[in-house]
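Please treat every number below as a calculation from the coordinates, not as lab data. Here the structure is a predicted model, which means the values were calculated and not measured. All Cβ positions, even for glycine, are placed from backbone atoms using ideal geometry, and neighbour counts span all protein chains on display.
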Amino acid sequence: MIVEPATAADLDAIDEIEQHSFKAPWPRSVFEGELARDFARIDVVRDPHVIAFNNYWLVAGELHILAIATHPDRRRSGIGGRLLAHAMEAARAVGATLATLEVRKGNLPAIALYERAGFVTVHTRQRYYQDDGEDALVMLCELTARRS
Ligand SMILES: CC(C)(COP(=O)(O)OP(=O)(O)OC[C@H]1O[C@@H](n2cnc3c(N)ncnc32)[C@H](O)[C@@H]1OP(=O)(O)O)[C@@H](O)C(=O)NCCC(=O)NCCS
């Protein structure tokens, strides 16, 4: 499974996965903007078309996961975990020591993915999501200790 940086040619596929994956999907223009930011990255997995992506920031010594999604037909085959591990390695490579993210409290697949990667919940933001008032969990993972 090859993880590589997205290009502008991948934006339609990223947008399609986004639309099928989130309650309040971001518009394509958000990802277009992310490709232009030097601290932002979007990684994709291809087989041979894009089947998953991970949008994250490497800033101020931290990795911040913004959006990770696998095409609905390709879930539960290790792709999300692979993308997350790749971002954590990229962050370690530039000296980042902490990974952070927010996730909907009811998003049990994502929470399981993150916990398996070593994230722990440190805070609940009440009614964080504006579309439906769902709480957000704030999760952190120390990047200094390598997991076996
Ligand atoms: C969350 C998501 C990215 C996981 O992607 P994936 O490619 O299916 O993840 P993986 O196959 O690598 O799963 C890794 C581990 O996460 C956990 N996990 C993933 N999906 C799960 C589910 N539906 N139920 C329970 N645990 C789950 C499991 O521990 C799994 O390991 P296992 O399959 O060996 O038990 C995917 O479900 C998705 O795209 N969801 C919609 C978008 C989203 O909510 N993104 C997260 C918020 S930004």
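With a cut-off of 15 Å between beta carbons, the residues surrounding residue 105 carry a summed charge of -2, where Lys and Arg count +1 and Asp and Glu -1. Scalar couplings 3J(HN,Hα) for segment 133-142, obtained by applying the Karplus form with A = 6.51, B = -1.76, C = 1.60 to θ = phi - 60°, are x, 5, 6, 10, 8, 9, 10, 10, 9, 5 Hz; x denotes Gly and Pro. Here the label points at residue 131 and residue 36, each 7 Å from Cα along the C-beta direction, are separated by 2.4 nm in the simple model.
Computed per residue of the chain from DSSP H runs no shorter than four, each worth -39500 (n - 2.57), the mean residue ellipticity at 222 nm is -8500 deg cm²/dmol. Counting only Cβ charges, +1 for Lys and Arg and -1 for Asp and Glu, the dipole size of segment 3-142 around its Cα centre is about 400 debye.
Along each principal axis, taking the top coordinate minus the bottom one, the Cα set of the chain gives 37, 37, 30 Å in descending order. Restricting segment 45-134 to trypsin sites (Lys or Arg not before Pro) that sit in a DSSP loop and have at most 11 other Cβ atoms within 10 Å of their own Cβ leaves 76, 127. Distance from the C-alpha centroid of segment 100-148 to that of segment 1-39: 21 Å, rounded to the whole angstrom.
The relative contact order of segment 3-142 comes to 18 percent, based on Cα pairs under 8 Å that sit 6 or more residues apart. Where both bridge residues fall in the chain, DSSP classifies roughly 90% of the beta bridges as antiparallel.
Placing a pseudo-label 7 Å from each Cα along the Cα-to-Cβ vector at residue 89 and residue 47 gives an inter-label distance of 1.8 nm.
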